[in-house]
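First up is the structure itself, then whatever we jot down about it.
The values are calculated or read from the model by the stated rules, or taken from the named source; none is laboratory data. Owing to the predicted nature of the structure, the values given are computational and were not obtained by experimental measurement. FYI the Cβ positions are ideal-geometry reconstructions off the backbone, even for glycines, and counts take in every protein chain you see. Side chains included, ligands, DNA and RNA excluded: accessible areas come from the protein's heavy atoms. Shrake-Rupley method; radii C 1.70, N 1.55, O 1.52, S 1.80 Å.
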Amino acid sequence: MSPALLLLLLLAPVGVNRLLRRSGAGAGLVRTLPLLAAGWLAGCLAIGTWCTVSGLLALAGTAARPAAQLGAAAYLLWRLLARERQEPDPRMWSLFPAALVDPVAICCAVFVFPALGTPAPQVLAAYGWFTALMLPAGLGWVAVGAGLLPRRMARRRPQRRAALLAAGAARVR
């Protein structure tokens, strides 16, 4: 297991991380903490589900695991490059379905977590690493959404608003 790869995956702006950022922007840091806990639980359940699916596919043939890894990487890349037109509202009921198709959970299950049939201490260590890295990364996404961390776009917005107000005031005269 690679903690660096896990951290890189958890910092990707897709899936549950987008929901956490949107919730931080709308509800603030403190009111989003229960959603962060639910995101952690949903991520654990999704990873367990995808680990089982990946393990059962690996039992079907030797080429199934590399094919699953290639598919997971392609799905993550597609979700990173795709524009989200219809994002679900950041609520508890929308978090669990979003976590099941979250490319981060799928890639964690395929690349980071041990294969099906691994002894329990190694699986528990992987979930420990996931917990230790997911909670601060998720809190970071909430803080970005709440405006507590600097963003490039946050610096441009006040200037744009001032320019729009000045243009509107010039039209009134």
query: Given a Förster radius of 30 Å and the C-beta distance between ALA115 and LEU11 as r, what FRET efficiency does 1/(1 + (r/R0)^6) yield to the nearest 0.05?
result: 0.75
task: Would you kindly state how much longer the chain becomes between ARG31 and CYS44 on full extension, computed as 0.36 nm times their sequence separation minus their alpha carbon distance, in nm to one decimal?
output: 2.5 nm
message: Rg/Rh for region 1-96 to two decimals, with Rh computed the Kirkwood way over all alpha-carbon pairs.
response: 1.02
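Could you work out how much longer the chain between PHE96 and ALA74 gets when fully extended? Use 0.36 nm per residue separation minus the Cα distance between them, nm to one decimal.
Working: separation 22, 0.36 × 22 = 7.92 nm, distance 2.21 nm.
Length difference between fully extended and current span is 5.7 nm.
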query: What is the dipole size for region 49-148, taken about its Cα centre, with +1 at each Lys and Arg Cβ and -1 at each Asp and Glu Cβ, in debye to the nearest 20?
result: 120 debye
- request: State in Å² the accessible area per residue of region 18-140; use a 1.4 Å probe, count heavy atoms of protein chains only, and round to the nearest integer.
  value: 55 Å²
